[in-house]
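Quick note: the coordinates plus some simple rules give every number you see, no bench work behind them. None of the values given here were measured: they were computed from a predicted structure. Every residue, glycine among them, receives a Cβ derived from its backbone with ideal geometry; neighbour counts consider all protein chains shown.
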């Protein structure tokens, strides 16, 4: 992430927007009281919210510095792993729920995103839920990502991609700035 993007993602205003608007919308009717895997928590804004919902959280963060910051901040309350969401270090069927928020566009290619979706399906328990959100492309979003990885997710193609990964009961909702998705493992 570029410097401006990092600053925004650490800000109180970003945390307020995520906690009051995006996360309640993205997680409506998503079970968060069991074993929850969060992929790409970044600075932990979403992780704090998940803990407040009663989740037992495991996090996988690709950036070693951010993962270290999460370990220090959560001091054992979250099991933090440094790694790639497309190569998860967990046995099959390890989690009740897997979530990711505003991070899919940072995954370097659609193929890499698809490998992540397949890994999510693998580590979910039967009947488990994959849910999350991501930003939609607009001018502000493009400007914020100058010098960053930005591989926007096409909400129209996402249902087929999630099904191809082995998920079912796929639902994708779109609002002007964001998309949310839910799917289950059969």
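Side notes on the structure shown:
- Burial ordering of 75, 96, fewest other beta-carbon atoms within 10 Å first: 75, 96
- Sorted largest first, the principal axis extents computed over the alpha-carbon atoms of segment 1-102 equal 38, 30, 25 Å.
- By the beta-carbon count within 10 Å of each Cβ, the least crowded to most crowded order of 97, 184, fewest first, is 184, 97.
- Scaled against 2.2 N^0.38 Å for its residue count N, the alpha carbon radius of gyration of the chain is 0.94.
- Relative contact order for segment 3-185: 19 percent, from Cα pairs under 8 Å spaced at least 6 residues apart, divided by residue count.
- Gain on full extension, evaluated as 0.36 nm per residue between residue 152 and residue 171 minus their Cα-Cα distance, stands at 5.0 nm.
- Arranged from fewest to most other beta-carbon atoms within 10 Å of their beta carbon, 78, 153, 60, 175 become 175, 153, 78, 60.
- Here the contact order of segment 4-70, divided by its residue count and restricted to Cα pairs under 8 Å and six or more residues apart, works out to 31 percent.
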